[in-house]
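As structure tokens, the structure follows; a few thoughts come after it.
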Amino acid sequence: MSINVQKYLDDVKKRNPGEAEFHQAVEEVLESIAPVLEKNPQYVESGIVERLLEPERQIMFRVPWVDDNGKVQVNRGFRVQFNSAIGPYKGGLRFHPSVYLGIIKFLGFEQIFKNSLTTLPIGGGKGGSDFDPKGKSDAEVMRFCQSFMTELCKHIGADTDVPAGDIGVGGREIGFMYGQYRRIRNEFTGVLTGKGIGWGGSLARTEATGYGLVYFVREMLKANGKSFEGQRVVISGSGNVAIYACQKAQSYGAKVVAVSDSNGYVVDEDGIDVATVQRLKEVERARISEYVKVRPNAKYVAGGSVWDVKCDIALPCSTQNDINEDTAKTLVDNGCYAVGEGANMPCTNEAIKYFLSKGILVGPAKAANAGGVATSALEMSQNSQRLEWTFEEVDERLDRIMTSIFKACDDASKEYGLNNNYVAGANIAGFLKVAKAMLAQGVI
Ligand code: NDP
């Protein structure tokens, strides 16, 4: 059977106009799974691909709130419940001015395969708002979160859909949303993950995505006779994922020399001081430019690209499409040989193709950053059992899960003769589990 990937893609573009990020995510997956569809015509005959490409449910809603000056503000809220074939919808909420339906759909689509790879029983979903928490008071963020949850709570539940954090949604926002959910529904259940320790949160959830990324890259390097020891690492972003990737990479003997935020980047040849970044970002919510006040030997570059800094290993941990083909060429010219995607879809499809053509090791987002959602699923398990596991217990499980995710990607890439193409491996392994479940459950 010959698979017409272009036809699927053309249909998606026609049915979902103007959603460039969603089209991009779909294209990457379709290209990877074409050989699987050729080998397994039953998936084509039963319309698995068409059904996978159409979310089970898309919810959009008005979020009105009152700012500190007494003025009414209106934002737009989203929850896309993409696929629940293998478990309740699970995926984060993003609060960022760039958010629109196309971003939420790309993230929700990716989440299906990512969650499948974790080996845990979770389906794919994603949500958020075009609200910008930056520059807002705590009281404004609280009023927004309460209004957002007043609508969202009608659609979620511990066995239905369990949102978590993402860009712009950290412990503070999860707290405000959880409080409102509990107040309206009058139940204390594990309906959100990323909760605080002491009210249902899991130890090691904060660290999980960054640590998990480094565990995945460690396995990828090991399989290719390399390690983090003594390597120069550059990380984009300085938020949750970036901070804990930096900490774990340094614990393996790497030297992280640069991190960034949306205004610029810092280079510290002595190695990034994680405690300073944590204080600036987690406590003071300050700009990364402040870093050089504490570390005078470091250099701050306003604007520009952190990827101009020479490195062996690149860990993009900020946002989508951070590395395009030109950036990829700069990285390769500067000696970079491995990329671990901490953010979702941080490399364009052209950048990925360029890296692979040069033999660069690429740990794709849906596999490499799955540690966050995997630990969220562990938080759900603890909530259901009314138990709390120790930090070490959760971290050990996370390490095992990331190691098994790498193995699944490696095995799938080998099975299809695509050695070292972990991008295709992740898409194939993630797809197969969901496709089998959909096939078994009939046309729904
Ligand atoms: P945070 O909000 O904690 O940090 C995001 C970082 O990226 C900040 O440094 C931010 O800078 C920067 N950034 C955000 N948007 C842009 C932009 N448009 N241009 C340049 N820089 C930008 O988010 P997280 O660390 O949680 O998330 C980072 C990435 O990881 C996202 O792609 C997210 O989807 C993904 N991810 C996160 C998981 C998690 O558990 N947190 C799980 C899996 C994936 P500034 O402060 O200036 O905006």
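This table checks each residue for (1) within 13 Å of the ligand (Cβ to nearest atom); (2) open to solvent by less than 10 Å² (accessible area, probe 1.4 Å); (3) closer than 24 Å to Glu173 by Cβ.
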residue: Glu229; (1), (2), (3): no, no, no
residue: Gly237; (1), (2), (3): yes, yes, yes
residue: Asp273; (1), (2), (3): no, no, no
residue: Ala286; (1), (2), (3): yes, no, yes
residue: Lys293; (1), (2), (3): no, no, no
residue: Val301; (1), (2), (3): no, no, no
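Pull up the stretch 187-205, narrow it to residues that are surrounded by fewer than 22 Cβ atoms within 10 Å (Cβ to Cβ) and free of Cβ contacts under 8 Å to residues at least 40 places away in the same chain, then point me to the one that is farthest from the ligand (Cβ to nearest atom).
So the residue we want is Glu187.
Taking the stretch 358-402 only, how many residues are in contact (Cβ under 8 Å) with a residue 24 or more places away in the chain and surrounded by fewer than 15 Cβ atoms within 10 Å (Cβ to Cβ)?
So the count comes out to 5.
Would you point out the residue of the stretch 403-415, among those that are surrounded by 18 or more Cβ atoms within 10 Å (Cβ to Cβ) and touching a residue at least 40 places away in the same chain (Cβ under 8 Å), that is farthest from the chain's Cα centre (by Cα)?
Looking only at the stretch 403-415, we keep the residues that are surrounded by 18 or more Cβ atoms within 10 Å (Cβ to Cβ), and these are 405-406, 408-410, 412-413.
With the extra rule that they be touching a residue at least 40 places away in the same chain (Cβ under 8 Å), the set shrinks to 405-406, 408-410.
Numbers: Ile405: 15, Phe406: 16, Ala408: 19, Cys409: 17, Asp410: 20 Å.
Looking at the filtered set, the residue picked out is Asp410.
Looking for whichever is assigned to a helix (DSSP H, G or I) and touching a helix residue (DSSP H, G or I) at 6+ places or on another chain (Cβ under 7 Å) here; the options are Tyr291, Tyr300. Which one fits?
Working: Tyr300 fails: assigned to a helix (DSSP H, G or I).
Step by step, each of Tyr291, Tyr300 is checked, and only Tyr291 is assigned to a helix (DSSP H, G or I) and touching a helix residue (DSSP H, G or I) at 6+ places or on another chain (Cβ under 7 Å).
Restricting to the stretch 68-100, count the residues that are within 16 Å of the ligand (Cβ to nearest atom) and either part of a loop (DSSP other than H, G, I, E, B) or within 18 Å of Met149 (Cα to Cα) (or both). Steps first, answer last, please.
Restricting attention to the stretch 68-100, the residues satisfying the condition of being within 16 Å of the ligand (Cβ to nearest atom) are 78-80, 82, 89-100.
This time we only want the ones that are either part of a loop (DSSP other than H, G, I, E, B) or within 18 Å of Met149 (Cα to Cα) (or both), so: 78-80, 89-100.
Of the residues in that region, 15 qualify.
Of the numbered conditions (1) open to solvent by less than 50 Å² (accessible area, probe 1.4 Å); (2) touching a helix residue (DSSP H, G or I) at 6+ places or on another chain (Cβ under 8 Å); (3) closer than 17 Å to Gly372 by Cβ, Ile174 fails exactly one; give the number of that condition.
Only one criterion is unmet by Ile174, namely (2).
If only one of Tyr211, Tyr181 is within 16 Å of the ligand (Cβ to nearest atom) and touching a residue at least 12 places away in the same chain (Cβ under 8 Å), which one is it?
Numbers: Tyr181 fails: within 16 Å of the ligand (Cβ to nearest atom).
Tyr211 is the lone residue from the list that is within 16 Å of the ligand (Cβ to nearest atom) and touching a residue at least 12 places away in the same chain (Cβ under 8 Å).
The values are calculated or read from the model by the stated rules, or taken from the named source; none is laboratory data. Keep in mind the model is a prediction, meaning the values are calculated, not measured. Every residue, glycine among them, receives a Cβ derived from its backbone with ideal geometry; neighbour counts consider all protein chains shown. Ligands, DNA and RNA are excluded from the accessible area calculation, which covers all protein heavy atoms including side chains. Shrake-Rupley method; radii C 1.70, N 1.55, O 1.52, S 1.80 Å.
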